[in-house]
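Reading through the structure tokens given below for one structure.
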């Protein structure tokens, strides 16, 4: 029995004797099936050709896979006095990564913006004794490897600890969430691509599907703005290496919402 990974999106599926016949996440209109057709890979096969890298990204410890694998996102470690949380996930776990997180105080929980980054979230949880994985209940249909550690929370916000609060923004996915982090030196938002940091690193943008170029409608973007309005923050950390807005990020979000709505009007 093997927990196969989708080669295109990096999502790990429940254990089976043979690879699944399809990946619902890739068949969804927000993603896509490989041009060459659906394909699968095992964790050992992935480790034979790729490596997990750890490095600081604008002062936050981040994890990514090199050479690029699947969607190519990186994960972030939110370190707080109340416990550390891994934000988003990648499709590899290594002894070195586990040791480094333990050296920094261990891991209390995992939280993931949306299903494109679920990857091997269960493996990450089990590496730290089965810590909870916080996913919004509106996205439970996209969980391909069910596990007791998964917490499907409901509502609009959820405090993981006194420093970390999940905010349901919706948009890209109905349960799309970001993580607000009260941090010494200035609060931040870990956004995945629910708030997509643009190449200027001065704005964000919004899409229903990034690879298939389907924009969000005005109501969805206005809802994101309303969800973020009660929270103060200086920085936004996006889904990709070095793609962050450092300084005055709340103003950048407001400007970005206004110009997006004007563009689609």
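The values are calculated or read from the model by the stated rules, or taken from the named source; none is laboratory data. Remember, predicted model here, so these are calculated numbers, not experimental data. Using ideal geometry, Cβ is built from the backbone for each residue, glycine included, and neighbour counts are taken over all protein chains shown.
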In the set 43, 15, the lone residue that is at pLDDT 95 or above, in contact with a helix residue (DSSP H, G or I) (Cβ under 8 Å, 6 or more places away or on another chain) and either surrounded by fewer than 21 Cβ atoms within 10 Å (Cβ to Cβ) or on the phi < 0 side of the Ramachandran plot (or both) is 43
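Can you name the strands (runs of 3 or more DSSP E) wholly within region 195-265 that have at least 3 residues being modelled with pLDDT of 95 or more and within 21 Å of residue 174 (Cβ to Cβ)? Lay out the reasoning, then the answer.
Numbers: elements: 207-209, 235-238, 244-246.
Ranges flagged: 207-209.
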**Request:** Report yes if some residue within region 242-249 is within 22 Å of residue 30 (Cα to Cα) and touching a strand residue (DSSP E or B) at 6+ places or on another chain (Cβ under 7 Å); otherwise report no.
**Result:** yes
Going through region 141-156 in order, the residues found to be free of Cβ contacts under 8 Å to residues at least 40 places away in the same chain and surrounded by 14 or more Cβ atoms within 10 Å (Cβ to Cβ) are 143, 147, 149, 150, 151, 152, 153
Of 213, 208, the only residue that is over 17 Å from residue 57 (Cβ atoms) and either buried (at least 18 other Cβ atoms within 10 Å of the Cβ) or within 16 Å of the chain's Cα centre (by Cα) (or both) is 208
Counted residues in region 104-139 being surrounded by fewer than 21 Cβ atoms within 10 Å (Cβ to Cβ), more than 17 Å from residue 164 (Cβ to Cβ) and in contact (Cβ under 8 Å) with a residue 40 or more places away in the chain come to 1
Would region 144-161 turn up any residue that is under 25 Å from residue 72 (Cβ atoms), out of contact with any helix residue (DSSP H, G or I) (no Cβ under 6 Å at 6 or more places or on another chain) and not in a strand (DSSP E or B)?
yes
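Tell me, yes or no, whether region 179-194 has at least one residue that is closer than 15 Å to residue 260 by Cα and in contact (Cβ under 8 Å) with a residue 12 or more places away in the chain.
Checked against the condition, which is being closer than 15 Å to residue 260 by Cα and in contact (Cβ under 8 Å) with a residue 12 or more places away in the chain, region 179-194 yields at least one hit.
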